[in-house]
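*Asks:* Before I ask anything, let me first share the structure, which is written out below as C-alpha cells.
Values quoted throughout were computed directly from the atomic coordinates according to the rules given, and no laboratory measurement underlies them. Just so you know, these numbers come straight off a predicted model, no measurement behind them. No Cβ is skipped: glycine too gets one built from the backbone with ideal geometry, and neighbour counts run over all protein chains shown.
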Amino acid sequence: MNTGGSVVRRLFTNCWPTALVLFSLLIFYYFHTKYDLSYQRILVAEGQWWRLLSGQFVHNNSSHLFSNMAALLLCRALLSIVYSERNFILSLLSCALLTGVLIHFLLPSYDYYLGVSAALYGVLIAGALAMWRGRPYAGVSLFVLIIAKLSLDYFVPDSVGAVSERIGVPVAVEAHFVGVLAGVLVGVGEAALGLIGPATLPPK
C-alpha cells in the first residue's frame, strides 16, 4: 500500500490552486525583471489600470518574493478552518484587486508600490471575520494580533528597519492598513453572499 503516494495525491488534489499561485509569483517575478509590472500612479492615470492588480503580485528582489511566498503559505494554513482552496484564492484575488484600487485613491503619496503583503493582510482580516461566525475567540484573537502588529510597524518604524533593508524597499505600512480595509470589505461581502459560513468549520 503506497501511503506516501496517496498523501501526495491528496495534497495535490486539495492544494493545487495555492501551489499555482506560488508558481505564478515566480513567473511574475521573472517577467518583472524584464518589464516593470509594479503599480505606478502616473502610468495608471494614463490608462494602464492592470497595474492596480499586477503590482500586488510582483516583488523587488528574491528576498522580498520568498518571504511573501512563505507568508502566503502561513496564511493558507491559518485559514484552513474557514477557507476551502477555491474560496482562499478568490479572497486573495479580491483583496489584491481592491487593495490596488484603494491604494490609488486613498494613498495619493504612493507613486509606486509592489508586493503581495498588503493583500495577505486583507485575506487574514477577511478570514478573521469568517472565524467570528464559528470560532469567535479565534477570529477576535487573529484580528487583534494583526492590528497590534501593524500598529507596532507604524508607531515604531525601527521595528521594520531590518525588513526594509532585506527587501530593498521601505515597508509600505500604510498600504498594509489599506489591505486591512480591503479585507474588511471582502469579509463583509463574503458574509453577505454566504460564501463562507460556520458550516465550513470542523467540529470543535
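*Asks:* Taking only C-alpha pairs under 8 Å that are 6+ residues apart, what is the relative contact order of the range 17-200 in percent?
*Replies:* Rounded, it is 27 percent for the range 17-200.
*Asks:* Using only Cα atoms, find the angle between the long axis of helix 136-155 and the longest principal axis of the chain, and express it within 0 to 90 degrees, rounded to the nearest 10.
*Replies:* Tilt of helix 136-155: around 20 degrees.
*Asks:* Give me the distance between the Cα centres of the range 145-180 and the range 97-128, rounded to whole Å.
*Replies:* A separation of 13 Å, based on Cα centres.
*Asks:* Could the peptides 68-75, 149-156 be put in order, highest first, of the mean number of other beta-carbon atoms found within 10 Å of their residues?
*Replies:* Ranked from most to least packed, the peptides come out as 68-75, 149-156.
*Asks:* Pop out the ³J(HN,Hα) list for the range 101-116 in order, Karplus 6.51 cos²θ - 1.76 cosθ + 1.60 with θ = phi - 60°, rounded to Hz; leave Gly and Pro as x.
*Replies:* Once rounded to whole Hz, the list reads 5, 5, 4, 4, 9, 9, 10, x, 6, 8, 8, 8, 7, 7, x, 8.
*Asks:* Here's something else I'd like to know. According to a simple spin-label model (label point 7 Å from Cα along Cα-to-Cβ), what is the distance in nm between residue 152 and residue 67?
*Replies:* 1.4 nm
*Asks:* When the helices in the chain are scored as -39500 (n - 2.57) per DSSP H run of 4 or longer and the sum is shared across all residues, what 222 nm value do you end up with, to the nearest 500 deg cm²/dmol?
*Replies:* After summing the helix terms and dividing by residue count, I get -23500 deg cm²/dmol.
*Asks:* Relative to the longest principal axis of the C-alpha atoms of the chain, give the angle of the C-alpha long axis of helix 62-78, reported between 0 and 90° and rounded to the nearest 10°.
*Replies:* The helix 62-78 is inclined about 30 degrees to the chain.
*Asks:* Using a simple spin-label model with points 7 Å from Cα along the Cα→Cβ vector, what separation in nm is obtained for residue 109 and residue 19?
*Replies:* Label-label distance for residue 109 and residue 19, simple model: 4.3 nm.
*Asks:* For the range 168-182, what does the Karplus curve 6.51 cos²θ - 1.76 cosθ + 1.60, with θ = phi - 60°, yield as ³J(HN,Hα) per residue in whole Hz, taken in order and with x for Gly and Pro?
*Replies:* With the stated coefficients, the range 168-182 comes to x, 9, x, 5, 8, 4, 4, 5, 5, 5, 5, x, 4, 4, 4 Hz.
*Asks:* Within 10 Å, count the other beta carbons around each residue, average over each peptide in 97-104, 45-52, and list them highest first.
*Replies:* Averaged packing, sorted descending, gives the order 97-104, 45-52.
*Asks:* Still on this structure: Could you pull out every residue, at least 5 positions away or on a different chain, whose amide H is within less than 5 Å of the one on residue 58? Hs are placed 1.01 Å off N in the peptide plane, and Pro or chain starts have none.
*Replies:* Amide H neighbours of residue 58: 115.
*Asks:* Once amide H atoms are built 1.01 Å from N in the peptide plane, which residues 5 or more positions from residue 112, or in another chain, come under 5 Å H to H?
*Replies:* Sorted by chain and number, the residues that satisfy this are 41.
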